[in-house]
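**Student:** So that we are looking at the same thing, I have put the structure below in structure tokens.
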Amino acid sequence: MAGSNRLLTILAHAILIIGVIVVLFPIWVAFVASTHPGETFLSGELSLWPGNQMIENYSLILGKGMKIASAPPLWVMLLNSLIMAMGIAIGKIFISLLSAFAIVYFNFRFRMTAFWMIFITLMLPVEVRILPTYEVTANLGLLNSYPGLILPLIASATATFLFRQVFMTIPDELTEASRIDGAGPIKFFFDILMPLSRTNIAALFVILFIYGWNQYLWPLLITTEDRYATIVMGIKRMVEVADSIPQWHMVMATAILALIPPLFVVISMQKLFVRGLTETEK
Amino acid sequence: MATLKLINAGKTYPNGFEALSNINLDVKDGEFTVLVGPSGCGKSTLLRMVAGLEEVTTGDIMIGDRIVNNLDPASRKIAMVFQNYALYPHMTVYNNMAYGLKNLGTPKEEIRERVNYAAKLLGIEEYLPRRPRQLSGGQRQRVAMGRAIVRKPDIFLFDEPLSNLDAKLRSQMRIEIRKLQRELAVTAMYVTHDQVEAMTMADTIVVLSDGHIEQIGTPKQIYHHPNSTFVAEFIGSPPMNLLKATHTGNGTISLPGDNKITVDRKDLADGELLLGIRPEDIEIAAKKSAKTLGVDIELVEELGAGNILHTKLGTSPIVISPRTGFDTEKQQLEIKLPDAKLHFFASGDGKRL
Ligand SMILES: Nc1ncnc2c1ncn2[C@@H]1O[C@H](COP(=O)(O)OP(=O)(O)OP(=O)(O)O)[C@@H](O)[C@H]1O
Ligand SMILES: [Mg+2]
């Protein structure tokens with residue numbers, strides 16, 4: 001028994017390690033490429049060890065950007081992405097917390113109708129409703145603005161649904177105890193519901209931040225000015241420069257930098273994130 | 001500290017189910033009232049109506065001299081202890097107890113004083129910085145009590161607060177709750193389906209059945225003078241024996257197995273009735289006589305301190321818990337039913353005769 005168990009452990013670890021290598025290797029190559037001069041990558045003889053151009057490449061892309069690709073300095077794009085991703089994540093969480101609160105705890109006419117209508121919009125992601133949404137956004141004069149980037153992506157049936165399920169696992173007695181303790185709806189929301197959904201909020205924040213960070217189509221449509229360009233758009237632009245060879249080392253440096261904020265969010269929220277996805281006890 | 005009055009109170013749930021009807025109840029200041037009854041009879045509903053968690057659909061509820069029908073729970077000056085404690089899992093014990101006072105805008109200094117006082121009273125001072133998750137069931141129970149105490153309520157409401165505890169802790173908490181309630185002299189209403197709790201804790205027992213009050217009385221009254229077969233069978237363990245009998249006139253009662261006894265009850269009408277006697281009231285006779293009845297022993301349950309005999313009189317089962325020793329070898333036994341301990345009930349609606 002013990003022997004086969006050990007074999008199983010080794011096998012499991014081997015598979016996991018292979019998986020990690022498969023995922024990490026391209027990232028490593030990207031990092032290596034970003035530290036060599038541009039020609040090295042194109043010569044096809046990229047070494048697997050970092051070169052000596054790291055500081056030059058990164059400071060160039062961060063500070064000045066790529067003129068020929070008409071990409072603004074990278075920090076601008078990073079900042080834009082950050083604002084958009086944060087806006088979407090926080091906005092979605094705020095709105096869906098409130099709507100789930102209303103649906104679960106208040107008895108109003110057409111409550112279930114409201115819930116099912118929200119639920120049905122699950123079938124209408126941004127890509128499906130992109131033309132009418134563009135029309136509305138344009139009419140509101142929100143093209144080339146942060147609200148234009150953020151607002152249309154905020155409504156979220158998924159998050160509303162998730163919070164509804166979370167709230168429904170909170171025992172009724174807790175609600176009643178807080179009523180006896182004199183907590184009105186607002187107090188109950190902030191003192192009891194929010195803290196009890198903390199881990200779920202964190203998990204959702206991670207998922208939504210990455211969702212927002214990775215948006216491509218919507219920012220591409222809605223922004224024409226460079227100062228609103230996001231990083232994901234930027235990478236794409238750099239690759240498709242007209243009449244010129246792509247500057248792969250710069251593209252790779254951009255890609256590496258674009259990885260950092262989501263990575264940071266995941267790592268810093270990892271503990272809560274895992275608990276939010278697995279914890280059932282309230 | 002206040003009186004509690006229910007006047008023709010009734011509750012019909014939105015789905016049309018009438019959970020309670022015509023409840024009239026008068027609880028004196030400082031009195032400990034226990035609501036008992038089988039599952040689903042409406043005990044929790046009644047308690048929750050007093051708490052303000054369920055609307056009253058008919059009648060009135062008065063606390064002190066205020067009609068509280070339309071007051072929200074927080075302004076009724078009540079405190080409630082729930083069966084599963086309902087402590088806020090994300091707050092420390094201290095904050096759990098302080099939360100209600102904070103919402104009332106009580107000064108910090110006073111909150112601390114009151115919480116510390118309650119914690120001391122309950123012996124939970126060392127747990128104040130802990131979360132409910134880090135406490136045992138009994139400790140959580142105490143915290144829930146503490147949360148009720150700090151609010152200095154007019155009325156304590158308990159909904160089966162001990163049913164999640166083990167037997168030993170339950171009997172200990174039973175005494176503690178009772179002591180505490182006396183010490184604080186707060187009117188209390190306590191829901192349980194455990195008749196031992198009801199008998200030991202109550203000043204007044206209210207027996208509920210199917211949404212109406214079956215009997216109100218002191219534990220002694222309920223035990224010795226049950227108003228109906230329902231109460232007779234519900235209170236007491238093992239439950240009261242009920243035998244099908246016929247009154248043939250002049251106090252002569254014929255019992256199963258061609259047995260006859262004569263009782264001093266000339267007022268009984270002729271015809272069928274139910275004769276009740278508690279297992280511990282049955283006497284075992286040394287030898288057969290005209291006044292004794294012969295029963296066959298079917299099973300002896302050994303309890304250590306005593307026995308429970310399952311016997312048959314003719315075809316009717318009779319349970320006896322004898323106060324005196326008896327010969328365990330015997331298959332048959334002569335018993336005596338003392339006149340004073342007999343109860344008579346109508347065979348139709350089970351009302352006391
Ligand atoms: N929200 C509700 N809607 C409709 N019927 C209800 C509702 N709550 C309770 N009831 C019904 O009312 C009756 C009384 O319920 P209640 O909870 O008061 O019983 P109980 O005496 O406390 O029982 P238990 O000892 O099992 O706790 C039950 O038949 C129950 O099905
Ligand atoms: Mg109940």
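Nothing in this text is a laboratory measurement; each read-out follows from the coordinates by a stated rule. Remember, it's a predicted structure, so these values are computed and weren't measured experimentally. Here Cβ is always computed from backbone atoms with ideal geometry, including for glycine, and neighbour counts include all displayed protein chains.
**Student:** At a Förster distance of 25 Å, what's the computed FRET efficiency of residue B:126 paired with residue B:95, Cβ-Cβ distance as r, to 0.05?
**Tutor:** FRET efficiency, residue B:126 to residue B:95: 0.95.
**Student:** Something else about it: In a shell of Cβ-Cβ distance under 14 Å around residue B:44, excluding residue B:44 itself, what net charge do Lys and Arg (+1) and Asp and Glu (-1) give?
**Tutor:** Net charge in that neighbourhood comes out at -3.
**Student:** Still on this structure, please answer the following. Of B:176, B:126, B:283, which is the most mobile in a GNM of chain B whose springs link Cα atoms less than 10 angstrom apart?
**Tutor:** Its mean-square fluctuation being the largest, the pick is B:126.
**Student:** Charges on Cβ only, +1 for Lys and Arg, -1 for Asp and Glu, centred on the Cα centroid of the protein assembly as shown; of B:122, B:57, B:78, which one is farthest towards the dipole's positive end?
**Tutor:** Value: B:122.
**Student:** How much length would be gained if the chain were fully extended between residue B:346 and residue B:109, taking 0.36 nm per residue of separation minus their Cα-Cα distance, in nm to one decimal?
**Tutor:** Length gained, residue B:346 through residue B:109: 79.1 nm.
**Student:** Suppose R0 equals 56 Å; then what is the FRET efficiency for residue A:266 and residue B:172 from their Cβ-Cβ distance, rounded to the nearest 0.05?
**Tutor:** Rounded to the nearest 0.05, the efficiency is 0.65.
**Student:** Count the lysine pairs in chain A that are 8 or more places apart or on different chains: how many have C-alpha atoms under 29 angstrom apart?
**Tutor:** Lysine pairs satisfying the spacing and distance rule in chain A number 9.
**Student:** Could I ask something else about it? Just need the relative contact order of the stretch B:1-151 here, percent rounded to a whole number, with Cα pairs under 8 Å and 6+ apart.
**Tutor:** Taking the mean separation of contacting Cα pairs over the length of the stretch B:1-151, I get 20 percent.
**Student:** Starting from the Cα gyration tensor of the stretch A:73-278, take the square roots of the eigenvalues, sort them a ≥ b ≥ c, and report rounded, prolate or oblate (rounded when a/c is under 1.5, otherwise prolate if a/b is larger than b/c, else oblate).
**Tutor:** prolate
**Student:** Counting only C-alpha contacts under 8 Å and six or more residues apart, can you give the relative contact order of chain A as a whole percent? Write down the numbers at each step before the final one.
**Tutor:** Working: 294 pairs, mean separation 84.7, N = 282.
Reported as a whole number, the value is 30 percent.
**Student:** Highest mean first, how do B:146-159, A:136-149, B:33-46 rank when packing is the count of other Cβ atoms within 10 Å averaged over residues?
**Tutor:** Numbers: B:146-159: 23.6, A:136-149: 15.4, B:33-46: 21.0.
For the peptides B:146-159, A:136-149, B:33-46, the packing ranking is B:146-159, B:33-46, A:136-149.
**Student:** Related question: Rounding to the nearest 20 debye, state how big the charge dipole of chain A is about its Cα centre with +1 on each Lys and Arg Cβ and -1 on each Asp and Glu Cβ.
**Tutor:** 460 debye
**Student:** Got the relative contact order for the stretch A:27-183 handy, in percent, Cα pairs under 8 Å and 6 or more residues apart?
**Tutor:** Answer for the stretch A:27-183 is 22 percent.
**Student:** Could I ask something else about it? Which residue fluctuates the most in chain B, going by a Gaussian network model with Cα springs under 10 Å, if the choices are B:190, B:13, B:94?
**Tutor:** Largest GNM mean-square fluctuation: B:13.
**Student:** While we're here: For residue B:266, go through the lysines and keep the ones whose alpha-carbon is under 17 Å away, minus same-chain ones fewer than eight residues off.
**Tutor:** The qualifying lysines are B:341.
**Student:** Going through the DSSP H helices of chain A, which span 24 Å or more along their own axis at the Cα atoms while scoring at least -0.5 as a mean Kyte-Doolittle hydropathy?
**Tutor:** Long hydrophobic helices here: A:2-33, A:74-105, A:248-278.
**Student:** Right, another one. About its Cα centre, what dipole magnitude does chain B give when the only charges are +1 on Lys and Arg Cβ and -1 on Asp and Glu Cβ, stated in debye to the nearest 20?
**Tutor:** 1100 debye
**Student:** Could you pull out the trypsin sites (Lys or Arg not before Pro) across the stretch B:301-342 that fall in loop regions by DSSP (anything but H, G, I, E, B) with no more than 11 other Cβ atoms inside 10 Å?
**Tutor:** Loop-located and lightly packed - B:323, B:330.
**Student:** Next up: What is the mean number of Cβ atoms from other protein chains located within 10 Å of the Cβ atom of each residue in peptide B:97-108, rounded to a whole number?
**Tutor:** 3
**Student:** Also, quick follow-up: Considering only A:257, A:209, A:232, whose Cα is most displaced toward the positive end of the charge dipole of the stretch A:73-278, charges sitting on Cβ of Lys, Arg (+1) and Asp, Glu (-1)?
**Tutor:** Final value for the positive-end residue is A:209.
**Student:** Moving on. Output the peptides A:105-116, A:174-185 sorted from most to least packed, where packing is the average of other Cβ atoms within 10 Å over each peptide's residues.
**Tutor:** By packing density, highest mean first, the sequence is A:174-185, A:105-116.
**Student:** Can I ask one more? Nearest 500 deg cm²/dmol is fine: what mean residue ellipticity at 222 nm does chain B get from its DSSP H runs of n ≥ 4 alone, each adding -39,500 (n - 2.57), divided by its residue count?
**Tutor:** Calculated at 222 nm, the ellipticity per residue is -7500 deg cm²/dmol.
**Student:** Taking the Cα centroid of the stretch B:272-318 and of the stretch B:207-266, what is the distance between the two, rounded to the nearest whole Å?
**Tutor:** 16 Å
**Student:** Set Lys and Arg Cβ to +1 and Asp and Glu Cβ to -1, take the dipole of chain A about its Cα centre, and tell me which of A:273, A:19, A:221 lies farthest positive.
**Tutor:** After comparing all options, I get A:273.
**Student:** Next question, about the same structure. Can you work out ³J(HN,Hα) from phi for every residue in the stretch B:125-135, in order, using Karplus 6.51 cos²θ - 1.76 cosθ + 1.60 and θ = phi - 60°, giving whole Hz and x for Gly and Pro?
**Tutor:** 4, 6, 9, 3, x, 7, 8, x, 4, 8, 10
**Student:** Let me confirm one metric for peptide B:81-90, namely the mean number of other chain beta-carbon atoms within 10 Å of its residues' beta-carbons.
**Tutor:** That works out to 5 on average.
**Student:** Shifting gears a bit: Roughly how many debye, to the nearest 20, is the charge dipole of the protein assembly as shown about its Cα centre, given +1 on each Lys and Arg Cβ, -1 on each Asp and Glu Cβ, and no other charges? Don't skip to the answer; put the middle values down first.
**Tutor:** Working: 60 positive and 59 negative charges, 200 e Å.
Using Cβ point charges on Lys, Arg, Asp and Glu, the protein assembly as shown gives about 960 debye.
**Student:** Grab the beta carbon distance between residue A:75 and residue A:7, set R0 = 56 Å, and tell me the FRET efficiency rounded to 0.05. Spell out each step's value before the answer.
**Tutor:** Values: r = 51 Å, r/R0 = 0.91.
Result of the calculation: an efficiency of 0.65.
**Student:** I'd like the distance separating the alpha-carbon centroids of the stretch A:71-114 and the stretch B:1-51, in whole Å.
**Tutor:** 45 Å
**Student:** In a shell of Cβ-Cβ distance under 15 Å around residue A:119, excluding residue A:119 itself, what net charge do Lys and Arg (+1) and Asp and Glu (-1) give?
**Tutor:** On the way: positive: A:111, A:164; negative: none.
Taking every other residue near residue A:119 into account, the sum is +2.
**Student:** Peptides A:5-15, A:207-217: what's the order by average Cβ count within 10 Å, highest mean first?
**Tutor:** In decreasing order of mean packing, A:5-15, A:207-217 become A:207-217, A:5-15.
**Student:** Using a cut-off of 10 Å between beta-carbons, work out the net charge of the residues near residue B:231 (Lys and Arg +1, Asp and Glu -1, residue B:231 not included).
**Tutor:** -1
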